[in-house]
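Structure record follows, encoded as structure tokens.
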Amino acid sequence: MADPSSYCTAVTQGYGGALHQHYHDTVYGFPVTDDNALFGRLLLEINQAGLSWDTVLNKAESIKAAYADFDIATVAAFTETDIERLLQNPGIIRMRKKIEAAIYNANQCLELQKTHGSFGAWIDAQHPQKEEDWVQLFKQKFKFTGKEITKEFLMGTGYIKGAHDPACPVYTTVLDAQPKWLEE
Ligand SMILES: [Zn+2]
């Protein structure tokens, strides 16, 4: 979703069917507080790199199952055997660098849980800051988190604004859920 406002328009006009409708109406831009869910969202954004969001949404459930329901501690302990297992799984994005990034990032999340109480609390503690500073921070902390991935992750989880077009019917529902960017 390079252009969120056009994503809103496309989805409300029926683009992508039920899968996109569900994601757009109930997930995209809504705040996420559970650490494993946050980690899962970052993992999905990373897996989108170079591919369409459609591909990732279609595979989202298989990706979640393959990555232990996005359980941070479990993924952090993945070994070379797990990497080989994932590389054989046609239901996911089979790219070694993305798999290794997931494991590395899970370990980084574990560290943040130790130092800040939770991954979410760490993000909260950095908030608010400029987009380019978020990008730098994520580059230092995680693997495979470039500008677009960091931005989409933060937008998709309500940390920075811009997920929905103000004219989108879901915009006010998102506001009711009090995304973090409202505090800026
Ligand atoms: Zn929308």
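Only the coordinates and a few stated rules stand behind these numbers; no lab work does. Note that the coordinates shown come from a computational prediction; the quantities given were computed from them, not determined experimentally. Cβ coordinates were reconstructed from backbone atoms using ideal geometry, including for glycine residues, and neighbour counts include every protein chain displayed.
Scan the stretch 20-46 residue by residue and report those that are within 16 Å of the ligand (Cβ to nearest atom), surrounded by 14 or more Cβ atoms within 10 Å (Cβ to Cβ), without any contact (Cβ under 8 Å) to a residue 60 or more places away in the chain and over 16 Å from D165 (Cβ atoms). If the condition is that a residue be within 16 Å of the ligand (Cβ to nearest atom), surrounded by 14 or more Cβ atoms within 10 Å (Cβ to Cβ), without any contact (Cβ under 8 Å) to a residue 60 or more places away in the chain and over 16 Å from D165 (Cβ atoms), then H22 is the only one that fits.
To keep it simple, each residue is scored yes or no on (1) touching a strand residue (DSSP E or B) at 6+ places or on another chain (Cβ under 9 Å); (2) closer than 10 Å to Y28 by Cα; (3) not in a loop (DSSP other than H, G, I, E, B).
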{"position": "T145", "(1), (2), (3)": "no, no, no"}
{"position": "I149", "(1), (2), (3)": "no, no, yes"}
{"position": "F153", "(1), (2), (3)": "no, yes, yes"}
{"position": "G158", "(1), (2), (3)": "no, yes, no"}
{"position": "K161", "(1), (2), (3)": "no, no, no"}
{"position": "A167", "(1), (2), (3)": "no, no, no"}
{"position": "L175", "(1), (2), (3)": "no, no, yes"}
{"position": "Q178", "(1), (2), (3)": "no, no, no"}
{"position": "W181", "(1), (2), (3)": "no, no, yes"}
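Kindly evaluate E84 against the criterion of being exposed (fewer than 13 other Cβ atoms within 10 Å of the Cβ) and more than 16 Å from F153 (Cα to Cα). Yes: the conditions hold for E84. When the stretch 50-102 is filtered for residues that are of a type in the set (A, V, I, L, M, F, W, C), under 18 Å from the mean Cα position of the chain (by Cα) and over 20 Å from L38 (Cα atoms), the ones remaining, listed by number, are L51, M95. The set of residues in the stretch 121-170 that are within 16 Å of the ligand (Cβ to nearest atom), in contact (Cβ under 8 Å) with a residue 60 or more places away in the chain and farther than 20 Å from K98 by Cα comprises M155, T157, G158, G162, A163, H164, D165, A167, C168, P169, V170.
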